[in-house]
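Please treat every number below as a calculation from the coordinates, not as lab data. All values reported here derive from a predicted model rather than from experimental measurement. Every residue, glycine among them, receives a Cβ derived from its backbone with ideal geometry; neighbour counts consider all protein chains shown.
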Amino acid sequence: MCAQVFEQLLKHGPAGTLDCFFQIMQWSFSSLQSGKFPEHRWDGTPFEAGTWEARMSGKYLANGFCAHLASIQGDLDFFAAALSLPRWSLKAGGCPSCQCTLEGAATWQKFNSKQYILDLEWAATSWKNWRKKSTCKLFSIPHVTGCNVFLDYLHLKYLGSDMYMFGGLLWLMTFCLLPGQPLSNLEHIWGRMKFWYAKLGVQHRYHYFNRLTMFVRKTGAPKLRGRAVEVLGLNHVMVKIWEETLNPQVEIHRMILQMLKMNNNTFTEMIQLCLQLQQLNLWVLPSRWPT
């Protein structure tokens, strides 16, 4: 409902809602970076004489401590529509983080050289000199460039790689490995999913999984359907189901099991690291301007 109301009220184009919003963000983050109270309003007009804002102008916000905008995260729609970054569907270059193209000298389809990929990534200087760089106000904050743009973990993993990985494994089990017909094989898998949901105490679960269209598409590779939390809930469950299904004499089956275990451990280790940082009070490492 909130999103629908926002879309109805949103004014598009130059001087529109997003332009004003990002200009305010630029004003705020620039002040945080300097560590001092701003000397004027977000639109450049001066503070009225005698007001609290005018008295605070130029003074330290937090006794000399400051903050920096280090990461701008979002999905591909947000990058293209709101931040005016390259649209992902462009053959001439649709990546917000690097200079790759579909074909040609900078193609992303070359996988045999790590250094080749690293060389395509933006550096702050090259991004600033790029004539097609975004005009979004966030990038006028000192030291903020396309290098600060990151795809968020949710879309990269749970709504990204996990959906393809789990979809492919479900197809392999239902159509190739299990002895029955695909639909009856899926019913078996759904029964094992419910068993392991209960055994492992999984909180976010699929409420039903009785259709092949949950991962079989009309075109393209298999891809799991569902919400991010439902896919997250499958991480450990898929390890258990694959252990029950694999042939330990087949090397690729053992490799898939290792992949699933590493995929599950990645999330577990990330949570443990966050908890450790919290206990050590290392969530934020403030910098201090010389006084």
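For the chain, what does -39500 (n - 2.57) per DSSP helix run (n ≥ 4), summed and divided by total residues, give at 222 nm, in deg cm²/dmol to the nearest 500?
Theoretical 222 nm ellipticity from helices: -14000 deg cm²/dmol.
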(message) I'd like the FRET efficiency for ALA221 and PHE78, computed as 1/(1 + (r/R0)^6) with the beta carbon distance as r and R0 of 41 Å, rounded to 0.05.
(response) 0.95
(request) Give the percent of DSSP beta bridges with both residues in the chain that are antiparallel, rounded to the nearest 5. (result) 50 percent
(request) Scan around VAL149 for amide H atoms under 5 Å from its own, H built in the peptide plane at 1.01 Å from N, and keep only partners 5 or more places away or cross-chain. (result) ILE72
(request) Please give the peptides 61-69, 182-190, 48-56 ranked by average Cβ packing (other Cβ atoms within 10 Å per residue), highest first, as a rough proxy for protection. (result) 182-190, 61-69, 48-56
(message) With Cα extents along the principal axes in Å as the read-out, I listed [x] 66, 48, 38; [y] 81, 48, 43; [z] 48, 46, 40; which label goes with the value calculated from this structure?
(response) [y]
(request) Would you mind calculating the gained length between GLN181 and ALA198 on full extension (0.36 nm times residue separation, minus the Cα-Cα distance), in nm to one decimal? (result) 3.5 nm
